[in-house]
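Enquirer: My structure is below; once you've seen it, I'll send some questions.
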Amino acid sequence: MLYHLLYPLHTTISAFNVFRYITFRTIYASLTAFLICFLLGPWVIRKLSEMQVGQYIRSDGPENHHKKAGTPTMGGTLIISSIAISTLLWANLTNFYIWIILLVTMAYGAIGFFDDYLMQVKKRNKGLSARNKFLLQSIIALIAGFLVCSQSDFNTEVTVPFFKNITPDLGWGYILFAALVIVGTSNAVNLTDGLDGLAIGPVVIASVTYMFFAYTAGHIKIADYLQINYIAGCGEAAIFCGALAGAGMGFLWFNTYPAQIFMGDVGSLPLGGALGTVAVITKQEILFVLVGGLFVVEALSVIFQVGFFKMTNGRRIFKMAPLHHHFELKGWPEPKVIVRFWIIAIALALISMSTLKLR
Ligand code: 57M
């Protein structure tokens, strides 16, 4: 909105020329989202507590989680609202990619909200069934994949990290591939969201990494220099990533150990879905395995644990899955698990950025 209102005035007030720059708007999108979360956080926590939207804690979990019972949840409503407000304020709203990312974020937010609402407000034991959740996520992801592929500037080649000459073209099969990435990232972030700040920290790290990829892929000269796919208009996705990082930091202020609020599915599903969509739009889809390596490892720990558990009639690889519970049960204090996982996420993000040169 600000871009559309203020940039045209640059002919009379030359200072408004700055609204043209993606870098400037990304920085302020990030600060705006941070401030919304930071300033409204205490009010949201109070309201959720008054409405008794407190977390139910599973009795079979690690011992130290029992004291977390009643922590207000559904803080994701604050995260996604501040991302949406900030993006609408700072992005170029004629950009199609921005609307696709917002569509996935808000639709996944709605699925998560409904799931949390059934569990936390209606006090049902279970929210949406896993099958229904997966179905709804898949439909939205397929729509997003279709919309991306229908853009004339968007090619359906897949970027293979480290190999600049291998770019398989999936044609319309790209829609399915994009959906797989979006649904996969959404669920991986959801599984990671089991310790204070454990998911939001790496979400911020991944969004800053993708902010960088969006900017480079959308800049014709830089893309040419780095020999990566130039995607016209994809630079605006950096503004969304900035808002995501800012909102994440504002939320982390309250979600850091010991957490005053949890994000709930209304946070974890859309944040993962948004990252997946940005990965698709920037054509760094496979690289998510590295950028979001922590989420991937957490998801794999569940797949292996459940698979092994079923095959061996109850034997386990880890003390408990997802992986963060394994370290908790080994006796690591919660903050130690969280900060060490963040350190790994930062290292993986740095390695992913280096792939722009290592090709
Ligand atoms: C959500 N949710 C947290 C909070 C958060 C297939 C199976 C492995 C699925 C998995 C699962 O359900 N994962 C998805 C994990 C929950 O947090 C809520 O959920 C939202 C995210 N969706 O925002 O609202 C609990 O996590 C803790 N938490 C924090 N700080 C935070 O900032 O401490 C969350 C956010 C909260 C709080 O305790 O209540 C969750 O873990 O439930 N299931 C599991 O993760 C379960 N694992 C399991 O059953 N493993 C089995 C194998 C065979 C599948 C095994 O290894 O034996 C564990 N979950 C829990 N207890 N709570 C088991 C024990």
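Enquirer: Write down the Å³ per residue value for the convex hull defined by the alpha carbon atoms of segment 20-168. Provide the component values of the computation, followed by the final result.
Expert: Values: hull volume 29.0 nm³, N = 149.
Here the figure is 195 Å³ per residue.
Enquirer: Follow-up. Please report, in whole Å, how far the alpha carbons of the chain spread along each principal axis, starting with the longest.
Expert: In descending order, the Cα extents are 62, 47, 35 Å.
Enquirer: Sticking with this structure for a sec: When only Cα pairs under 8 Å and 6 or more residues apart are kept, what is the percent relative contact order across the chain?
Expert: Working: 621 pairs, mean separation 87.4, N = 359.
With pairs under 8 Å counted, the relative contact order is 24 percent.
Enquirer: Cα axis of helix 130-149 to longest principal axis of the chain: angle in degrees, 0 to 90, nearest 10?
Expert: 10 degrees
Enquirer: Is the shape of segment 214-289 rounded, prolate or oblate, going by the alpha carbon gyration tensor and its root eigenvalues a ≥ b ≥ c, with a/c under 1.5 for rounded and a/b larger than b/c for prolate?
Expert: Values: a/c = 3.14, a/b = 2.39, b/c = 1.31.
The shape class here is prolate.
Enquirer: Expressed as an acute angle from 0 to 90° and rounded to the nearest 10, what is the orientation of the C-alpha long axis of helix 76-90 relative to the principal long axis of the chain?
Expert: 10 degrees
Enquirer: Give me the lysines in straight-line cross-link reach of K310: C-alpha distance below 17 Å, same-chain residues under 8 apart excluded.
Expert: K319
Enquirer: What does the charge count around Y108 come to, taking other residues whose C-beta lies under 14 Å from its C-beta (Lys +1, Arg +1, Asp -1, Glu -1)? Spell out each step's value before the answer.
Expert: On the way: positive: K133; negative: D115, D116, D193, D265.
Net local charge, Y108 excluded: -3.
Enquirer: For every helix of n ≥ 4 consecutive DSSP H residues, a contribution of -39,500 (n - 2.57) applies; sum these over the chain, divide by its total residues, and give [θ] at 222 nm rounded to the nearest 500 deg cm²/dmol.
Expert: -20500 deg cm²/dmol
Enquirer: Same structure again: By count of other Cβ within 10 Å, fewest leading, how are H325, H10, H65 ordered?
Expert: Working: H325 21, H10 14, H65 17.
Ascending Cβ contact count within 10 Å gives the list H10, H65, H325.
Enquirer: Classify segment 174-236 as rounded, prolate or oblate, taking a ≥ b ≥ c as the square roots of the eigenvalues of its Cα gyration tensor: rounded when a/c is under 1.5, otherwise prolate if a/b is larger than b/c and oblate if not.
Expert: Values: a/c = 3.77, a/b = 1.72, b/c = 2.19.
Cα axes put segment 174-236 in the oblate bin.
Enquirer: Can you classify segment 137-228 as rounded, prolate or oblate using the Cα gyration tensor, where a ≥ b ≥ c are the square roots of its eigenvalues, rounded means a/c under 1.5, and otherwise it's prolate if a/b beats b/c and oblate if not?
Expert: On the way: a/c = 2.15, a/b = 1.28, b/c = 1.69.
Taking the square roots of the gyration eigenvalues as a ≥ b ≥ c, segment 137-228 is oblate.
Enquirer: Based on Cα positions only, what radius of gyration and what Dmax would you give for segment 15-66, in angstroms?
Expert: Values for segment 15-66 (Cα only, Rg and Dmax): 19.4, 59 Å.
Enquirer: So what are the ³J(HN,Hα) numbers for segment 33-41, from phi and the Karplus equation (6.51, -1.76, 1.60; θ = phi - 60°), rounded to whole Hz, Gly and Pro as x?
Expert: Rounded to whole hertz, the list is 5, 4, 5, 4, 5, 5, 7, 8, x.
Enquirer: If you build a Gaussian network model of the chain, linking Cα atoms that sit under 10 Å apart, which residue out of W332, W253, W342 swings the most?
Expert: W332
Enquirer: Could I ask something else about it? Most mobile of G331, G276, G201 per a Gaussian network model of the chain (Cα springs, under 10 Å)?
Expert: Most flexible of the set in this elastic network: G331.
Enquirer: Something else now. Straight-line reach from K357: which aspartates and glutamates have a Cα under 14 Å away, not including same-chain ones fewer than 8 places off?
Expert: D224
Enquirer: Angle check, please: helix 293-311 long axis (alpha carbons) against the longest principal axis of the chain (alpha carbons), in degrees 0 to 90, nearest 10.
Expert: So the helix axis and the longest Cα principal axis differ by about 40 degrees.
Enquirer: With an 8 Å cut-off on Cα pairs and a minimum separation of 6 or more residues, tell me the relative contact order of segment 304-359 in percent. Before the final figure, lay out the partial values.
Expert: On the way: 23 pairs, mean separation 9.5, N = 56.
Relative contact order comes out at 17 percent.
Enquirer: Ok, one more. Can you list the aspartates and glutamates whose alpha carbon sits under 14 Å from that of K126, skipping same-chain ones fewer than 8 residues off?
Expert: Answer for K126, where 14 Å is the Cα cut-off: D115, D116, D265, listed by chain and number.
Enquirer: Oh, and also: Using Cα-Cα distances under 8 Å and only pairs 6 or more residues apart, what relative contact order does segment 137-278 have, in percent? Please report the intermediate quantities before stating the final value.
Expert: On the way: 186 pairs, mean separation 42.0, N = 142.
Here the relative contact order equals 30 percent.
Just so you know, all these numbers are worked out from the coordinates, no wet-lab data involved. Bear in mind that the values here come from a model prediction, so they are computed numbers and not experimental data. As a convention, Cβ positions derive from the backbone with ideal geometry for all residues, glycine included, and neighbour counts pool all protein chains shown.
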